[in-house]
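Quick notes on the structure that follows.
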Amino acid sequence: MAAGQQVSSRVLTVPNLISLLRLLLVPVFAVLIVQERDVWALVVLAASGASDWLDGFLARRLDQVSRIGVMLDPAADRLFILVTLLGLAWRDVVPVWLVLLIVGRDVLLLCLMPALARHGYGPLPVTFIGKAGTFALLYAFPLLLLAEMPGTVGDVAAVAGWAFTGWGVGLYWVAGAQYVRQTRALVAADRKEAS
């Protein structure tokens, strides 16, 4: 969000429609990855990544930042990451430990929700580091899928894909630590105020 930009309660906005379309691409991708239709799966992943950038850009540009969009966009990102991870693990493209590492961070954040809700807070806003980690992972997965191709393209994609994966997982967990710290600070402030 730009400084001073208002968050509206509107539901029908262009950015929200883009986020909804990204959500609808999740089962399409799941079917493509299971059927080993890798070219089309890559196209869907690329479209998802582009739409992730586009909905945020348009929300700011058109002054259509909305409460539902603030929640819908990261939810779509996490769902796409989860389904992509599971599909790639099912295909033995990525190891199970990577799935557990990434899903474990999201489970940690899910565990923060009851404490936030008890103190009257909703989900914490996405941080720059969290967005950067998600961005890196959304780039890593198409590259890791492309790495399945034989030859130079596959070799280069494997190196780049694992580099993006490393950065993405690292940033994802740094952001997770930030969210834990923010939650503890909010809860402590509320307890101090109540006493």
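All of the numbers you see were taken from the coordinates with simple rules; none came from a lab. On a predicted model such as this, the values are computed, not experimentally measured, just so you know. Virtual Cβ from ideal backbone geometry, glycine too; neighbours counted across all protein chains shown.
Structure notes:
- Backbone HN-Hα couplings from phi across the stretch 62-68 [Karplus 6.51/-1.76/1.60, Hz, Gly and Pro as x]: 8, 6, 10, 5, 10, 4, 5
- Under 5 Å from the amide H of S66 lie the amide H atoms of S8, each residue being 5 or more positions distant or on a separate chain, with H modelled from the backbone and absent for Pro and chain starts.
- Counting only Cβ charges, +1 for Lys and Arg and -1 for Asp and Glu, the dipole size of the stretch 134-195 around its Cα centre is about 400 debye.
- Rg/Rh for the stretch 1-110, where both radii come from Cα atoms and Rh is the Kirkwood radius: 1.04
- Working note: Karplus 6.51/-1.76/1.60 with θ = phi - 60° gives the stretch 131-145 the couplings 5, 5, x, 4, 4, 4, 5, 5, 7, 5, 5, x, 5, 5, 5 Hz, where Gly and Pro are set to x.
- Considering only V44, L72, A117, the residue lying farthest towards the positive end of the dipole of the stretch 35-121 is A117, judged by Cα position with unit charges set on Cβ.
- Each of the trypsin sites (Lys or Arg not before Pro) that DSSP puts in a loop and that has at most 14 other Cβ atoms within 10 Å breaks the chain; the longest unbroken stretch is 38-195.
- Computed from backbone phi with θ = phi - 60° and the Karplus coefficients 6.51, -1.76 and 1.60, the 3J(HN,Hα) list for the stretch 173-187 is 6, 4, 4, x, 5, 4, 5, 5, 5, 4, 4, 4, 5, 5, 5 Hz; x is used for glycine and proline.
- Once the chain from L79 to Y121 is taken as fully extended at 0.36 nm per residue, the excess over their C-alpha distance is 12.9 nm.
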